[in-house]
Amino acid sequence: MFALFSALMIVFYKMGVLSFQQVETIKTFVLSFGLLAPLVFILLFTLAPLIFFPDGILALAGGLIFGFYAGSVYIIIGALCGGSLSFYLARTYGTWLRDKLAHEKWIHFQKSVKNHGFIMIFLLRLVPLVPFNIISYSAGFSTIRYRDFFFATLLGMSPGVLVYANIGAKSLAFGTKEFYMAVALLLFLVVFSMVLKNSVKKRLDRYEEHSKK
């Protein structure tokens, strides 16, 4: 099953559907499915972690394709599905998958993290600069409960999703006040993430130390 999912994503990638510079191509590809476009978009978001494709690119495309409100909903659904897939692949294949992806910089949670899983994942999700896929796989390798992972992901990623969907939706209004407001919100999110990242790391370290006692 893992090989089948991976092969499907490679096909998408070779077609140019998932490319860093081709948000417009993603839009054309998804809309070509008509009424099934939302399902296709969610499928792309679900399978994207298999090739570690940046979720921010797809989030921008979601806002561009479906607008702010519907785009936000589809992005959240897709991100939850993709995160869940990564979590369960890591939980199921464990050591084998970690060895295959040895070049990635995982987050190493202590075994005792199970008691603080929700707050740790929630804090990490608040920082968009921490790769979404890395958090998902790392949580799967740990003892964190899926329930805690799911709800912490839902709540923690929501602010970032809204910002990305907004700038995607406003990208067609280039040069307008709304567009520059969307860009300003994105810049604020990046700066906020840079400031929050160190604070979150310290908080997580304290939880780890507390868990050892």
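Read-outs: derived from the displayed coordinates by stated rules, not from any lab. Since we're looking at a predicted model, the values are computed, not measured. All Cβ positions, even for glycine, are placed from backbone atoms using ideal geometry, and neighbour counts span all protein chains on display.
With r defined as the distance between the Cβ atoms of Tyr88 and Tyr180 and R0 fixed at 35 Å, what FRET efficiency is calculated, to the nearest 0.05? Could you put the intermediate results ahead of the total?
Details: r = 41 Å, r/R0 = 1.17.
After rounding to 0.05, the efficiency reads 0.30.
Skipping prolines and chain starts, which residues have an amide H placed within reach, meaning under 5 Å, of the one on Ile107, given they are 5 or more residues away or on another chain?
Placed amide hydrogens put Ser138 under 5 Å from Ile107.
I need the peptides 144-153, 176-185 ranked by packing, meaning the mean over residues of other C-beta atoms within 10 angstrom, with the highest value on top. Can you show the working numbers first?
Details: 144-153: 18.4, 176-185: 14.1.
In descending order of packing, they fall as 144-153, 176-185.
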